[in-house]
Structure formats: structure tokens, C-alpha cells
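This report concerns only the one structure given below.
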Amino acid sequence: MKKIQIISLFPEMFEGVLHNSMMWKAQQEGAVSFEMINLRDFGLGPRKQVDDTPYGGGDGMLLKPEPLFAAIEKAKQNDPDAVVVLPTPRGKLWKQATAKHWSTLDTGLIFVCARYEGYDERITELIDEQVRVGDYVLTGGELPAMTIIDSVVRLLPNVLGGETSAEIESFADGQTLEYPQYTRPEEFQGKKVPDVLLSGHHGEIARWRADNSKIVED
Ligand code: ADE
């Protein structure tokens, strides 16, 4: 069972994602377990302070090192060998090949979701992997963490229940992309399903699918 721990100031953001669809099924099947760690619980003083102004000036607040260190230490106590992941726009671009690799690792994962305008750089000594989900800036690490987690969990053994769809779909082998698909009705608003898909010719269908597995140009 893959153990995934998530450190966040906004654990409720994960509720919908973790309690529905594939992610919920994966937990029911024992393929994965999740533990939320609320960073606020490790805040300093009576007001549970987690952020402070940057040295050298500048806008915004940074996450302080002490609460983040304490939260990561707690997660490490639960799972000493876990890989610690920091979603950040400065990280390495997240790829399907990495999702596949991580889904085969025996170790658990700890996601550190940073918020506000950033974090004290000294926390990076506790981080094993810095990952970005695209070349744009989001408000925090929660949405990137959900994206990364979803892409890994669906590849865990038994999660897709004997289907081969995870194997054949977009990017799974680094180049094959998912082809267009159709279901009933045969004609919808004057638009027909391509004849070849109704033909029953497996060879021709495979060729059509290969010819139509293309990525939209950037
Ligand atoms: N945090 C903010 N933006 C991000 C991005 N694009 N990828 C990962 N983490 C982020």
C-alpha cells in the first residue's frame, strides 16, 4: 500500500479530490492511504504563526522554517523512507514517465504544499524532489500536489482494475497518444462516427487509431 502524506495549511482543499472517483476507489482497494498534516498545528505561539516578512524587504509573507521543519519531521516519523516532494514553479517539469516510475517505488510520498508568496529557502534541505506542473504560477502547492498524486495513484497496481487504458493512453510510453473515441449514438447532431470504427476490421481500426494519435501543436 502506497502511503501519501500531505502537509498543507488548507487540508479541506483535498477533500473532494480524495473522496471521489478513482482516488476514492484506490483507497477502498487498499492501493493507497492518505494522511493530511495541517501545517497550522505546527505554528508558533498562541496565534500559531506560520509566516513572516522576508529579510531584505519585498512584498508578501514567507512560510517560516520552524513549522515546516516540524511538520516534515512528523511525516518522516510516520514513514522514514518516504520521498519528500515540494511542488514549486522552480521545480523539474512533471512528466508521465516520472509518474510511472514513482508508481513502482516501494517508498511513500510526503507532499509539502507551500502557500503565500513563498517559503524560507532553508526548508529545501529536507526536500528530495522539487516539481513544477507547468510553466505558470499557481497560488499554492495544493493543486499541483493533487495533479501529481492523481497521475501516480491511477498507475498503482489494481487501481484501474485490469484495464489496459493506463498503458495505451496519452504519453504512457512517452510518445503514443490517445486516439479520438466515440460511443452511441452512431449519429449525433448530423455528425457520424467514422465508418472504419463500425467496420469490425481490427487491423484497419488499429491503423486509423495510430494515424489519429496526435498531440495538438503548442
Ligand atoms: N506552485 C505554484 N505554481 C506551481 C507550479 N506551476 N508547479 C508546481 N508548484 C507550483
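The values are calculated or read from the model by the stated rules, or taken from the named source; none is laboratory data. Only a predicted model underlies this, so the values are computations on that prediction, with no experimental measurement involved. Heads up, the Cβs are rebuilt from the backbone with ideal geometry, glycines too, and the neighbour counts pull from every protein chain shown. Accessible surface is based on the protein model in full, side chains and every heavy atom, while ligands, DNA and RNA are left aside. Shrake-Rupley method; radii C 1.70, N 1.55, O 1.52, S 1.80 Å.
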Task: Qualifying residues in the stretch 125-143 (those that are outside any loop (DSSP other than H, G, I, E, B) and of a type outside the set (Lys, Arg)) - the one farthest from the ligand (Cβ to nearest atom) - done: Glu125
Task: Hits in the stretch 32-48 - residues which are open to solvent by less than 70 Å² (accessible area, probe 1.4 Å) and either more than 16 Å from the chain's Cα centre (by Cα) or not assigned by TED's automatic domain parsing to the domain that holds Lys76 (or both) - done: Ile37, Asn38, Leu39, Phe42, Gly43, Leu44, Gly45
Task: Condition met for Glu169 (modelled with pLDDT under 95 and either within 23 Å of Phe10 (Cβ to Cβ) or within 16 Å of the ligand (Cβ to nearest atom) (or both)) - done: no
- [ ] Within the stretch 1-31, track down each residue that is of a type in the set (A, V, I, L, M, F, W, C), touching a residue at least 24 places away in the same chain (Cβ under 8 Å) and open to solvent by 10 Å² or more (accessible area, probe 1.4 Å).
- [x] Met1, Leu9, Phe10, Met13, Val17, Met22, Ala31
Task: Residue that is most open to solvent (accessible area, probe 1.4 Å), among those in the stretch 65-87 that are outside any helix (DSSP H, G or I) and among the β-branched types (Val, Ile, Thr) - done: Val83
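Quickly run through the stretch 40-50 and pick out the residues that are free of Cβ contacts under 8 Å to residues at least 40 places away in the same chain and at negative phi.
Arg40, Asp41, Phe42, Gly43, Leu44, Pro46, Arg47, Gln49
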